[in-house]
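Peer 1: Attaching a single structure in structure tokens format; questions to follow.
The values are calculated or read from the model by the stated rules, or taken from the named source; none is laboratory data. Here the structure is a predicted model, which is why all the values come from computation and not from measurement. Here Cβ is always computed from backbone atoms with ideal geometry, including for glycine, and neighbour counts include all displayed protein chains. Each accessible area value is taken on the protein alone, full model and side chains, heavy atoms only, with ligands, DNA and RNA left out. Shrake-Rupley method; radii C 1.70, N 1.55, O 1.52, S 1.80 Å.
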Amino acid sequence: MSKRLAISTMCAAAALLAGCHKGVPEGQVAATVNGEEVTLQELNTEIQASNIPQGMDKKVAQQQALQHIIDRKLLLSAARDKKIDKSPEFQAQKQRTDELLLAQTYAKQQLNAVPVPTDSDIQKFMIEHPNAFTSREALQLDQIRFRPGPNDVKKLSIIQGDHNLDAVAAHLTGLGIKFDSVKAGLDTAQVPTDLIKAINKLPAGEPFVLPTNGIITVNVVVGRQSIPTDPTQARQGAVGAWRQQQFTKLIGDQLKTMKDGAKITYQEGFAPPPKKPAVPSAIAGGAAAAQ
């Protein structure tokens with residue numbers, strides 16, 4: 001047998017052997033599902049996206065994540081067999097998911113590009129936001145909360161002149177709007193500084209309105225308690241908040257530039273409404289802010 005023939009025979013045997021072991025994971029592959037590889041990169045992405053309990057053994061976490069991937073791939077195969085991936089509904093959802101993921105990845109890259117603030121930046125930020133640092137408080141609230149219906153919002157202007165919760169409750173009852181009266185708390189660090197400043201200027205017992213996730217709360221401050229802040233934790237919080245503020249401004253400026261340079265046309269009835277003057281902090285006349 002010639003040297004060339006021997007080499008050819010060896011290569012053919014190697015290829016045949018590789019074919020016999022097709023489907024056996026090796027190297028950068030954690031498993032195969034009906035011949036489809038599950039790579040270590042895919043496994044690591046699954047772990048990062050999962051709510052893995054802190055302190056869990058790495059091997060156990062990998063095994064659990066791998067089973068999630070395998071289950072998903074099996075369900076995916078069943079869905080493809082039924083051609084669900086070809087339906088208009090699925091294609092619309094897939095397009096939205098792909099666009100959202102890509103936009104979020106871009107935003108994450110922009111956030112990573114925001115520089116670390118200087119000591120001067122941090123000090124200035126903390127002075128400008130005392131409600132989150134030196135003057136942080138826990139507010140005790142008497143609160144009325146309700147979820148307005150589509151036809152209720154305009155009617156709520158009547159509560160703008162109310163100066164106590166009893167008057168608010170009477171008006172809501174008269175409008176036939178169900179509500180709950182509860183005790184609540186508010187950490188001033190979780191509220192925009194301008195809003196806290198406006199709340200602090202209200203007369204004692206004066207209600208203010210906070211619309212949140214479709215629920216309107218009418219609140220009165222009945223107590224305050226100072227929250228001490230650890231200097232190290234305060235600094236870390238200031239760094240994160242400063243970078244988030246810079247990131248929000250950066251993305252806002254980029255979007256404005258993109259919109260100014262883009263050709264956007266709307267069919268009749270789909271254009272955004274004209275911008276209204278900003279409602280100051282949703283205080284007192286907060287029914288208007290709920291519109």
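Peer 1: In the chain, carbon and sulfur make up what percent of the accessible area (probe 1.4 Å)? Please report the intermediate quantities before stating the final value.
Peer 2: On the way: 11700 of 20850 Å².
Here it works out to 56 percent.
Peer 1: A further question on this structure: Report, in listed order, any pair from LYS201/LYS249; LYS86/LYS256; LYS154/LYS275 with a Cα-Cα distance greater than 25 Å. The partial results should precede the final answer.
Peer 2: Working: LYS201/LYS249 28 Å; LYS86/LYS256 36 Å; LYS154/LYS275 18 Å.
Where the Cα-Cα span goes over 25 Å, the pairs concerned are LYS201/LYS249; LYS86/LYS256.
Peer 1: Same structure again: Would you mind working out the accessible area per residue for the chain, using a 1.4 Å probe, and quoting it in Å²? Each step should come with its number before you reach the end.
Peer 2: Numbers: 20850 Å² over 291 residues.
Value for the chain: 72 Å² per residue.
Peer 1: For every other residue with a beta carbon closer than 12 angstrom to the beta carbon of PRO211, add +1 if it is Lys or Arg and -1 if Asp or Glu, then tell me the sum. If you can, show how the numbers build up before the last one.
Peer 2: Numbers: positive: ARG145, ARG147; negative: none.
Result for the neighbourhood of PRO211: +2.
Peer 1: Could I ask something else about it? Jot down the radius of gyration and Dmax of the chain, Cα atoms only, both in angstrom.
Peer 2: For the chain, the Cα-based Rg and Dmax read 29.3, 105 Å.
Peer 1: What is the extension gain from GLN236 to GLN190, computed as 0.36 nm multiplied by their sequence separation minus the C-alpha to C-alpha distance, in nm to one decimal? Provide the component values of the computation, followed by the final result.
Peer 2: On the way: separation 46, 0.36 × 46 = 16.56 nm, distance 1.55 nm.
Taking 0.36 nm per residue and subtracting the Cα distance, the gain is 15.0 nm.
Peer 1: For a Förster distance of 22 Å, can you work out the FRET efficiency between the beta-carbons of LEU175 and LYS275, rounded to the nearest 0.05?
Peer 2: Values: r = 29 Å, r/R0 = 1.32.
Result of the calculation: an efficiency of 0.15.
Peer 1: Could you check the spin-label model distance between VAL222 and THR45? Points 7 Å from the Cα along Cα→Cβ, value in nm.
Peer 2: Each label point lies 7 Å from its Cα, and together they span 5.2 nm.
Peer 1: From the backbone phi of segment 125-130, what are the Karplus-calculated ³J(HN,Hα) couplings (6.51 cos²θ - 1.76 cosθ + 1.60, θ = phi - 60°) in whole Hz, Gly and Pro given as x?
Peer 2: 5, 5, 5, 6, 10, x
Peer 1: Under a crude label model (7 Å from the Cα following the beta-carbon direction), how far is THR212 from ALA79 in nanometres?
Peer 2: The two pseudo-label positions are separated by 3.4 nm.
Peer 1: Extension gain SER135-SER157, at 0.36 nm per residue separation less the Cα-Cα distance, in nm? Display every interim value, and only then the final one.
Peer 2: Working: separation 22, 0.36 × 22 = 7.92 nm, distance 3.30 nm.
Using 0.36 nm per residue and subtracting the Cα-Cα distance, I get 4.6 nm.
Peer 1: Nearest 0.05, what FRET efficiency do VAL182 and GLN244 give at R0 = 25 Å with Cβ-Cβ as r?
Peer 2: On the way: r = 30 Å, r/R0 = 1.22.
So, using R0 = 25 Å, E works out to roughly 0.25.
Peer 1: Please give the peptides 108-118, 94-104 ranked by average Cβ packing (other Cβ atoms within 10 Å per residue), highest first, as a rough proxy for protection.
Peer 2: So the peptides 108-118, 94-104, ranked by packing, come out 108-118, 94-104.
Peer 1: Working out 0.36 nm times the residue gap between GLN267 and ILE251, then minus their Cα-Cα distance, what length gain in nm do you get to one decimal? Kindly include the intermediate steps, with their values, before the conclusion.
Peer 2: Working: separation 16, 0.36 × 16 = 5.76 nm, distance 2.68 nm.
Roughly 3.1 nm would be gained on extension.
Peer 1: Label point 7 Å out from LEU111 along Cα-to-Cβ: which residues of segment 234-253 have amide N under 18 Å?
Peer 2: So the set is 236-253.
Peer 1: What is the distance in Å between the Cα centroid of segment 128-162 and that of segment 167-234?
Peer 2: Their Cα centres are 5 Å away from one another.
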